[in-house]
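> Pasting in a structure now, in structure tokens, and then I'll have a few things to ask.
The values are calculated or read from the model by the stated rules, or taken from the named source; none is laboratory data. Owing to the predicted nature of the structure, the values given are computational and were not obtained by experimental measurement. Please note: Cβ atoms are built from the backbone with ideal geometry, for glycine as well, and neighbour counts cover all protein chains shown. Keep in mind that these areas ignore ligands, DNA and RNA; they rest on the heavy atoms of the full protein, side chains included. Shrake-Rupley method; radii C 1.70, N 1.55, O 1.52, S 1.80 Å.
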Amino acid sequence: MNQYLESVDEITKELTTTLQSINKEEVTLLLNEISKADKVFFVGVGRVLLSLKSVAKRLAHLGVNTYIVGQITEPAITEKDLLIVGSGSGETAFPLIIAKKAKQHNARVAHIGANPESSMREFADVFVRIPVTTKLNKPNEIPSVQPMTSLFEQSLLLLGDTLALIMIKEQQINMKNLWEFHANLE
């Protein structure tokens, strides 16, 4: 049981350090993009995509029209919309292709990643840096005892929940009323 508590302590300390290191102005810019978009699309791969799906679901509970790229009911993206790309390295092929396509349709693109020098910066209108160690092992990254890029995916999920809480506070949303948007075919 001692290893459990030690591991929990290490993970929560890493998350606290990481979330407190995210630039508040970048978060504000992302929130502004979300608030003015008609539709918000999300793209990522692997565990990053799983975190983004959770963020999309939570924002949908708040009344944001969210879509995961590739879902069967995905509508067309337009100049009134936002694509949020989750990619730690900013070099993953599929999100790069989708970001390029979004820009061809004059949509706004926000990149949440760890690498500000990535290929994604060519397409991103907004960048929110989660300054953690990635597969690129760049300088000035928060190290992690966890395997691979777990800290990035966890931080991405918690950043999404933080965005949602800020929106709830700013819009003075009654949290009890949010249950009417929760899935009810379960």
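> Please list 3J(HN,Hα) in residue order for region 11-24, calculated via the Karplus relation 6.51 cos²θ - 1.76 cosθ + 1.60 where θ = phi - 60°; whole Hz, with x for glycine and proline.
Each residue of region 11-24 in turn: 5, 5, 5, 4, 5, 4, 4, 5, 4, 6, 8, 6, 5, 4 Hz.
> I would also like to ask the following. Go ahead and run the numbers for FRET between residue 79 and residue 161, Cβ-Cβ distance against an R0 of 35 Å, rounding to 0.05. Walk me through the numbers on the way to the answer.
Working: r = 29 Å, r/R0 = 0.83.
With R0 = 35 Å, the Cβ-Cβ based efficiency is 0.75.
> Hey, what's region 1-56 come to in accessible area per residue, 1.4 Å probe, Å²? Walk me through the intermediate numbers first.
Values: 3370 Å² over 56 residues.
Result: 60 Å² of accessible area for each residue.
> If I histogram all Cα-Cα distances within region 81-183 using bins 5 Å wide from 0, what percent of pairs lands in each bin?
2, 12, 19, 18, 16, 13, 11, 7, 1, 0
> For the chain, modelled as a Gaussian network with Cα springs under 10 Å, which listed residue fluctuates most, 74, 153, 33?
74
> For region 81-186, what is the accessible area per residue in Å², given a 1.4 Å probe and the full set of protein chains? Please report the intermediate quantities before stating the final value.
Values: 5830 Å² over 106 residues.
For region 81-186, the per-residue accessible area is 55 Å².
> Efficiency by 1/(1 + (r/R0)^6): what FRET value for residue 23 and residue 148, r their Cβ-Cβ distance, R0 = 22 Å, to the nearest 0.05?
Values: r = 24 Å, r/R0 = 1.10.
With a Förster radius of 22 Å, E is 0.35.
> How much length would be gained if the chain were fully extended between residue 176 and residue 138, taking 0.36 nm per residue of separation minus their Cα-Cα distance, in nm to one decimal? Intermediate results must be reported in sequence, preceding the final value.
Numbers: separation 38, 0.36 × 38 = 13.68 nm, distance 4.34 nm.
Gain on extension, residue 176 to residue 138, equals 9.3 nm.
> At a temperature of 10 °C and a viscosity of 1.306 mPa s, determine how fast the chain diffuses translationally according to Stokes-Einstein, using the Kirkwood radius over alpha-carbon pairs as Rh; express D in µm²/s, rounded to the nearest whole number.
Approximately 93 µm²/s, per Stokes-Einstein.
> How much of the accessible area of the chain, in percent, comes from carbon and sulfur atoms when a 1.4 Å probe is used?
54
> Could you list, in their original order, any pairs among 57/176; 13/57; 80/135; 13/138; 57/138 whose Cα atoms are separated by more than 24 Å?
From the list (57/176; 13/57; 80/135; 13/138; 57/138), the Cα-Cα distance tops 24 Å for 13/57; 80/135; 57/138.
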